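J.: Below you will find the structure I want to go over with you.
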Amino acid sequence: MREVMSDIDRWRAAGRRVAVARVVAVDGSGPRDPGATMVVNDAGEVGGSVSGGCVEGAVVEQALAVLAGEQPRGLVSFGYSDDDAFSVGLTCGGTIHLFVEPLDW
Amino acid sequence: MVADTPIYDALARALRGERPIALATIVEGVGLGAKLLVEPGRPTVGTLGNVDLDRVVTRDARAELGAGLSSTRHYGEHGEARERAVSVFIESFAVSPRMIIFGAVDFTAALARVAKVLGYHVTVCDARSTFATTARFPMADLVVNDWPDRHLATVDPLGGRDAVCVLTHDAKFDVPAIVAALATDVGYLGAMGSRRTHATRVERLRDAGVTDADLARVMAPIGLDLGARTPEETAVAICAEIIALRTNVEGVRSLRDGVGPIHAAPSSPEPDSAVVTRGRLA
């Protein structure tokens, strides 16, 4: 959270709405520990990260859907992906669970 | 219209003030998204929707914060153990570990930069006001003109996550700095200098009453044996040693545990030939 606070402040000062995605649990080998945080604003700008770049694209989509009211706040999980370059997942074999919510608290 | 965010605002204030705090969020079950902010010595902010759940999670959040851990725990709706009605993510924000660098030398700026990347609150301390200036060390959180032992007497007690790096190369500064650091519970204490420099320093430390057990806490020559040559490479070797001591991995060697010169000639060409030339001329 610390590393994305300046993004949050700047975006909110500009009137942007912000979604926060945090790693809340990791099963097996995962790239980042619980607490890793990514923020996305309603213009699609991004700060922070939640993996080694493996799932960030999908998290941005989820965050934008939550901001647009198309998806409820809640958990999303990403597990192992095989060699299919088009599937979203972690290559290291673990599963990460993220909580994605609007910054309305 | 930007939403009111009382919990985030309180969290941000604590983090900017370097105060430890924990944020509990219901991530599954009744009350999804509800939050409780737990700060030692202050009233909690927010609620998870049930007073008993708040009480149990406050207790667990204090414990997690003390250990510097973040994890998701499961409870009954009223905080019962061994039930799974709600999942609560407790995120701990422990204060940044501190690195205090004694000696405002060339290596200091590089070490301060690398330490900042790793999340340290960095203090540069040197009694010589000509050298210890914020203009020379803009990356440091604090630049102090004082004697090491006097400065350490003014700071909050150092703990296992903190580091003291003595880069002065000068007996009249480094002996009091090391003696003062040994009186704390600092997790990492390293001192710069060649093996010969350190051998004479050890004699002076013994004269100052330092025991063998305390001498064993001093990492000198400072850093992992990476063959580092530049200030930046040396900074990486120092920080790598701090990480290696914390994680207790096998297969890495500190300079302290080796023999021979600590600046061995590079065995293979470096990618930047200009750096090699500068190193050989130095």
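J.: Go through segment B:12-37 and count every residue that is facing chain A (nearest Cβ under 7 Å) and not hydroxyl-bearing (S, T, Y).
T.: 7
J.: Consider only pairs whose beta carbons are under 6 Å apart and that are at least six residues apart or on different chains; among these, list those whose first residue lies in segment B:92-103 and is away from chain A (no Cβ under 14 Å) and whose second residue is in a strand (DSSP E or B) and surrounded by 22 or more Cβ atoms within 10 Å (Cβ to Cβ).
T.: B:M99/B:V122; B:M99/B:A163; B:I100/B:V164; B:I101/B:V124; B:I101/B:C165; B:F102/B:C125; B:F102/B:V166
J.: Give me the residue from segment B:209-220 that is of a type in the set (D, E, K, R) and open to solvent by 60 Å² or more (accessible area, probe 1.4 Å) and, out of that set, farthest from B:D257 (Cα to Cα). Break it down into steps so the answer makes sense when it comes.
T.: Residues of segment B:209-220 of a type in the set (D, E, K, R): B:212, B:214, B:217.
Of the ones still in play, those that are also open to solvent by 60 Å² or more (accessible area, probe 1.4 Å) are B:212, B:217.
Details: B:D212: 16, B:R217: 13 Å.
Here the residue is B:D212.
J.: From the list B:A191, B:A163, exactly one residue is free of Cβ contacts under 8 Å to residues at least 40 places away in the same chain and surrounded by 24 or more Cβ atoms within 10 Å (Cβ to Cβ). Which is it?
T.: Among B:A191, B:A163, only B:A191 is free of Cβ contacts under 8 Å to residues at least 40 places away in the same chain and surrounded by 24 or more Cβ atoms within 10 Å (Cβ to Cβ).
J.: Now, a different point. Quick one: in segment A:47-66, which of the residues that are in contact with a Lys or Arg (Cβ under 8 Å, 6 or more places away or on another chain) and buried (at least 21 other Cβ atoms within 10 Å of the Cβ) is farthest from B:G33 (Cα to Cα)?
T.: If we filter segment A:47-66 for residues that are in contact with a Lys or Arg (Cβ under 8 Å, 6 or more places away or on another chain), which is where we start, we get A:49-52, A:66.
Retained after the next criterion (residues that are buried (at least 21 other Cβ atoms within 10 Å of the Cβ)): A:50-51, A:66.
On the way: A:V50: 19, A:S51: 22, A:V66: 13 Å.
This residue is A:S51.
J.: For the condition under 22 Å from A:W11 (Cα atoms) and at pLDDT below 95, what is the one hit in A:V50, A:V55?
T.: Values: A:V55 fails: under 22 Å from A:W11 (Cα atoms).
Residue meeting the stated conditions: A:V50.
A quick yes/no check of all residues on (1) buried (at least 16 other Cβ atoms within 10 Å of the Cβ); (2) in contact with a strand residue (DSSP E or B) (Cβ under 6 Å, 6 or more places away or on another chain):
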| site | (1), (2) |
| --- | --- |
| B:T200 | no, no |
| B:R204 | no, no |
| B:D207 | no, no |
| B:I222 | yes, yes |
| B:T230 | yes, no |
| B:T234 | yes, no |
| B:E241 | yes, yes |
| B:T247 | no, no |
| B:E250 | no, no |
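J.: Scan segment B:47-88 residue by residue and report those that are within 11 Å of chain A (Cβ to nearest Cβ), outside any strand (DSSP E or B) and not charged (D, E, K, R).
T.: Within segment B:47-88, B:G68, B:L69, B:S70 qualify.
J.: Pick out the one residue from B:T277, B:T234, B:T247, B:T200 that is polar (S, T, N, Q) and modelled with pLDDT of 95 or more.
T.: Working: B:T277 fails: modelled with pLDDT of 95 or more; B:T247 fails: modelled with pLDDT of 95 or more; B:T200 fails: modelled with pLDDT of 95 or more.
Unique residue meeting the criteria: B:T234.
J.: Something else now. Anything in segment A:77-105 that is of a type in the set (A, V, I, L, M) and modelled with pLDDT of 95 or more? List them, or say none. Full working, then the answer.
T.: Going through segment A:77-105, the residues of a type in the set (A, V, I, L, M) turn out to be A:85, A:88, A:90, A:96, A:98, A:100, A:103.
A:L98, A:V100, A:L103, listed by residue number.
J.: Another question about this same structure. Would you call A:A65 out of contact with any Phe, Trp or Tyr (no Cβ under 7 Å at 6 or more places or on another chain), more than 22 Å from B:S71 (Cα to Cα) and free of Cβ contacts under 8 Å to residues at least 12 places away in the same chain? Talk me through it step by step, then tell me what you get.
T.: Values: out of contact with any Phe, Trp or Tyr (no Cβ under 7 Å at 6 or more places or on another chain): yes; more than 22 Å from B:S71 (Cα to Cα): yes; free of Cβ contacts under 8 Å to residues at least 12 places away in the same chain: yes.
It is true that A:A65 is out of contact with any Phe, Trp or Tyr (no Cβ under 7 Å at 6 or more places or on another chain), more than 22 Å from B:S71 (Cα to Cα) and free of Cβ contacts under 8 Å to residues at least 12 places away in the same chain.
J.: For segment A:47-61, give me each residue that is closer than 18 Å to B:V27 by Cα and within 14 Å of chain B (Cβ to nearest Cβ). Please lay out each step first, then the result.
T.: First, pick out the residues of segment A:47-61 that are closer than 18 Å to B:V27 by Cα: A:50, A:59.
Listed by number, the list holds a single entry, A:V50.
J.: Keeping to segment B:63-72, report how many residues are surrounded by fewer than 17 Cβ atoms within 10 Å (Cβ to Cβ) and in contact (Cβ under 8 Å) with a residue 12 or more places away in the chain. Lay out the reasoning, then the answer.
T.: Taking segment B:63-72 as the starting set, the residues that turn out to be surrounded by fewer than 17 Cβ atoms within 10 Å (Cβ to Cβ) are B:63, B:66-69.
From the residues that got through so far, the ones that are in contact (Cβ under 8 Å) with a residue 12 or more places away in the chain too are B:67-69.
Going through segment B:63-72 one residue at a time, the tally reaches 3.
J.: Restricting to segment B:193-238, name every residue that is of a type in the set (G, A, S) and within 24 Å of the chain's Cα centre (by Cα).
T.: Pass one, segment B:193-238, residues of a type in the set (G, A, S): B:193-194, B:199, B:208-209, B:213, B:216, B:220, B:223, B:227-228, B:235, B:237.
Result: B:G193, B:A213, B:A216, B:A220, B:G223, B:G227, B:A228, B:A235, B:A237.
J.: With the structure loaded, tell me whether B:L32 is outside any strand (DSSP E or B) and open to solvent by less than 20 Å² (accessible area, probe 1.4 Å) or whether it fails that test.
T.: Values: outside any strand (DSSP E or B): yes; open to solvent by less than 20 Å² (accessible area, probe 1.4 Å): no.
Against the criterion (outside any strand (DSSP E or B) and open to solvent by less than 20 Å² (accessible area, probe 1.4 Å)), B:L32 does not qualify.
J.: Of all residues in segment A:6-46, how many are of a type in the set (G, A, S), within 14 Å of chain B (Cβ to nearest Cβ), farther than 19 Å from A:L75 by Cα and open to solvent by less than 40 Å² (accessible area, probe 1.4 Å)?
T.: 0
J.: Show the residue pairs meeting these rules: Cβ distance below 6 Å; 6+ apart or different chains; first residue within segment B:236-265 and farther than 19 Å from B:G159 by Cα; second residue in a loop (DSSP other than H, G, I, E, B) and open to solvent by 70 Å² or more (accessible area, probe 1.4 Å).
T.: Once the first residue is farther than 19 Å from B:G159 by Cα and sits in segment B:236-265, its partners that are in a loop (DSSP other than H, G, I, E, B) and open to solvent by 70 Å² or more (accessible area, probe 1.4 Å) give B:A237/B:L226.
J.: What are the residue pairs meeting all of these: first residue in segment A:1-15, first residue touching a residue at least 24 places away in the same chain (Cβ under 8 Å), second residue hydroxyl-bearing (S, T, Y), Cβ atoms under 6 Å, and 6 or more apart or on different chains?
T.: Close Cβ pairs satisfying both conditions: A:M1/A:T37; A:V4/A:T37.
J.: Another one. Which of the residues that make up segment B:11-29 are aliphatic (A, V, I, L, M) and not in a strand (DSSP E or B)? Before you say what the answer is, go through the steps one by one.
T.: As a first pass, look at segment B:11-29 and keep what is aliphatic (A, V, I, L, M): B:11-12, B:14-15, B:21-24, B:26-27.
Once the filter is applied, which keeps residues that are aliphatic (A, V, I, L, M) and not in a strand (DSSP E or B), segment B:11-29 yields B:L11, B:A12, B:A14, B:L15.
J.: Working only within segment B:1-10, note down all residues that are surrounded by 14 or more Cβ atoms within 10 Å (Cβ to Cβ) and either more than 7 Å from chain A (Cβ to nearest Cβ) or not in a helix (DSSP H, G or I) (or both). Quick ask: steps written out before the conclusion?
T.: Applying the first criterion (surrounded by 14 or more Cβ atoms within 10 Å (Cβ to Cβ)) to segment B:1-10 yields B:2, B:5, B:7-8, B:10.
Correct list: B:V2, B:T5, B:A10.
The values are calculated or read from the model by the stated rules, or taken from the named source; none is laboratory data. This one's a predicted model, so the numbers in the text were calculated from it and none came from an experiment. Please note: Cβ atoms are built from the backbone with ideal geometry, for glycine as well, and neighbour counts cover all protein chains shown. Each accessible area value is taken on the protein alone, full model and side chains, heavy atoms only, with ligands, DNA and RNA left out. Shrake-Rupley method; radii C 1.70, N 1.55, O 1.52, S 1.80 Å.
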